[in-house]
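The structure under discussion appears below in the form of structure tokens.
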Amino acid sequence: MQAEKRPYRIIISGGGTGGHIYPAIAIAHALQSLHPSTEVLFVGAKGRMEMQKVPEAGYKIIGLWISGIQRKLTLDNLAFPLKVTSSLFQSSKILSDFRPDAVVGVGGFASGPLLYAASWKNIPSLLQEQNSYAGLTNKLLAGKVKKVCVAHEEMDRFFPKEKIVFTGNPVRKDIVALAAEGIGEQKGRSFQIFWA
């Protein structure tokens, strides 16, 4: 008798704004549409928008104690090294506990420590960059991941050319349905995930 293969396990990390969160949710929906047994775990930043929106979409999320650097001197900036160290340790524990097959970063503070820890553990990872101007976190992580999925041309200004895959932006099914009815318009190519 052949042993039953366990479901795919994927971690999606990032957030901070709807521009990161909604594509992340669309990726999770697409993965579960392709393989319904896929287990998806989100990792975000405590106190940020994703901590509310992801559970509303039906997914579990774990929050890291992480934030960006402010432009002026603040207590938050003084705590930044401690936050990064804490988030790296927590990310490593999340990865060890969940044992993902792959990790997807969508930009935002939380994706930094999580994808850095994933690369250190040799877990396949990729970035999804929604914008025509790459965010700081994604630029810093580009050297650590296998692929960078982009929605715009000429992104080799920010990322290694050999890692870039032009996929377009992930779009939620309800928006695609509106486009099909002529109410909205879907632009770009359909989103695909490349691990190789």
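The values are calculated or read from the model by the stated rules, or taken from the named source; none is laboratory data. Bear in mind the structure is a predicted one, so any value in this text is a computation, not a measurement. All Cβ positions, even for glycine, are placed from backbone atoms using ideal geometry, and neighbour counts span all protein chains on display. For accessibility, only protein heavy atoms count, side chains too; no ligands or nucleic acids. Shrake-Rupley method; radii C 1.70, N 1.55, O 1.52, S 1.80 Å.
Just name the residue that is modelled with the lowest pLDDT out of those in the stretch 1-49 that are in contact with a Lys or Arg (Cβ under 6 Å, 6 or more places away or on another chain) and under 17 Å from residue 169 (Cα atoms).
Checked the stretch 1-49; the qualifying residue modelled with the lowest pLDDT is 15.
Select from the stretch 30-47 the residues that are in contact with a Gly (Cβ under 9 Å, 6 or more places away or on another chain) and open to solvent by 20 Å² or more (accessible area, probe 1.4 Å) and write down the one among them that is farthest from residue 8 (Cα to Cα).
Our first condition is that a residue be in contact with a Gly (Cβ under 9 Å, 6 or more places away or on another chain); within the stretch 30-47, this holds for 42-47.
Add one more test, that the residue is open to solvent by 20 Å² or more (accessible area, probe 1.4 Å), and what stays is 46-47.
On the way: 46: 26, 47: 29 Å.
By that ranking, first place goes to 47.
Find the helices (runs of 4 or more DSSP H) located wholly in the stretch 109-196 whose residues include 1 or more that are under 14 Å from the mean Cα position of the chain (by Cα), modelled with pLDDT of 85 or more and closer than 21 Å to residue 43 by Cβ, and list them. Steps first, answer last, please.
On the way: elements: 111-120, 136-141, 173-180.
Fully inside the stretch 109-196 and qualifying: 111-120, 136-141.
Taking the condition under 25 Å from residue 84 (Cβ atoms), among the hydroxyl-bearing types (Ser, Thr, Tyr) and touching a residue at least 24 places away in the same chain (Cβ under 8 Å), does residue 17 pass?
Yes, satisfied.
Restricting the stretch 102-134 to residues that are in contact (Cβ under 8 Å) with a residue 40 or more places away in the chain and among the β-branched types (Val, Ile, Thr), which is nearest to residue 67 (Cα to Cα)?
It comes out as 106.
May I ask you to list the residues in the stretch 152-161 that are open to solvent by 10 Å² or more (accessible area, probe 1.4 Å) and either closer than 20 Å to residue 120 by Cα or in contact with an Asp or Glu (Cβ under 7 Å, 6 or more places away or on another chain) (or both)?
160
I'd like the residue in the stretch 58-76 that is touching a Phe, Trp or Tyr at 6+ places or on another chain (Cβ under 9 Å) and in contact (Cβ under 8 Å) with a residue 12 or more places away in the chain and, out of all such residues, is most open to solvent (accessible area, probe 1.4 Å).
Among those residues, the one meeting the criterion is 60.
Might you check whether a residue that is under 20 Å from residue 130 (Cβ atoms), part of a loop (DSSP other than H, G, I, E, B) and touching a residue at least 40 places away in the same chain (Cβ under 8 Å) occurs anywhere in the stretch 27-45?
No, the stretch 27-45 contains no residue that is under 20 Å from residue 130 (Cβ atoms), part of a loop (DSSP other than H, G, I, E, B) and touching a residue at least 40 places away in the same chain (Cβ under 8 Å).
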